[in-house]
1. Quick check: Cα centre of the range 9-37 to Cα centre of the range 40-62, how many Å?
2. Given 0.36 nm per residue, what is the gain on full extension from residue 65 to residue 13 after removing their alpha carbon distance, in nm?
3. Can you give the longest stretch of the chain with no exposed loop site, where a site means trypsin sites (Lys or Arg not before Pro) in a DSSP loop (not H, G, I, E or B) with at most 14 other C-beta atoms within 10 Å?
4. Provide 27, 51 ordered by accessible surface of protein heavy atoms (probe 1.4 Å), highest first.
5. With the cut-off at 20 Å, report for the chain the share of all Cα pairs above it, as a whole percent.
6. When N counts the residues of the range 70-115, how does its alpha-carbon radius of gyration compare numerically with 2.2 N^0.38 Å, as a ratio?
7. Might you tell me the accessible area per residue for the chain, computed with a 1.4 Å probe and given in Å²?
8. For Cα pairs less than 8 Å apart in space and 6+ apart in sequence, what is the mean separation divided by the residue count of the chain, i.e. the relative contact order in percent?
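The values are calculated or read from the model by the stated rules, or taken from the named source; none is laboratory data. Keep in mind it's a predicted model, so treat the numbers as computed, not measured. So basically every Cβ, Gly included, is an ideal-geometry build from the backbone, and we count neighbours across all protein chains shown. The area values use the complete protein model at the heavy-atom level, side chains included, leaving out ligands, DNA and RNA. Shrake-Rupley method; radii C 1.70, N 1.55, O 1.52, S 1.80 Å.
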Amino acid sequence: QVQLVESGGGLVQPGGSLRLSCAVSGITSQINTMAWYRQTPGKQREFVARITYGGWGIYADSVKDRFTISRDDSKNSVALQMNSLNPEDTAVYYCYIETIRGNFWGQGTQVTVSS
């Protein structure tokens with residue numbers, strides 16, 4: 001079955017950087033859109049960034065110019081480079097993909113920004 005496994009989360013100080021990765025396995029069709037969402041306790045999951053099959057990136061206003069999304073279709077993976085992190089970026093980050101056979105979520109990875 002399709003599995004998405006995120007990695008790279010952790011604790012970082014304000015102003016620091018982290019790079020999240022998501023590896024997709026069990027997929028036999030083209031992955032159209034790959035994206036990252038995040039969620040904090042008591043709040044709805046919110047959009048962070050997405051990248052189309054053609055490599056076009058779209059970002060939430062709150063992360064624009066700080067985060068960069070990229071994909072490697074040869075490895076069925078997507079990454080999120082996060083710079084200039086602040087405490088408001090603290091959340092569980094989820095990987096998400098859209099394919100012709102359905103849409104899938106990862107289990108999430110915790111990112112904590114704190115001094």
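1. Measuring centre to centre over Cα atoms gives 11 Å.
2. Values: separation 52, 0.36 × 52 = 18.72 nm, distance 1.87 nm.
Extra length from residue 65 to residue 13 when fully extended: 16.8 nm.
3. Numbers: sites that count: 43, 64, 75, 101.
Value returned for the longest uninterrupted segment is 1-42.
4. Values: 27 30, 51 10 Å².
Result of the area sort, largest leading: 27, 51.
5. Details: 2324 of 6555 pairs.
Of the Cα pairs, 35 percent sit more than 20 Å apart.
6. Details: Rg = 13.2 Å, N = 46, 2.2 N^0.38 = 9.4 Å.
In units of the 2.2 N^0.38 Å rule of thumb, it is 1.40.
7. Values: 6230 Å² over 115 residues.
Result: 54 Å² per residue.
8. On the way: 282 pairs, mean separation 42.9, N = 115.
Across the chain, relative contact order equals 37 percent.
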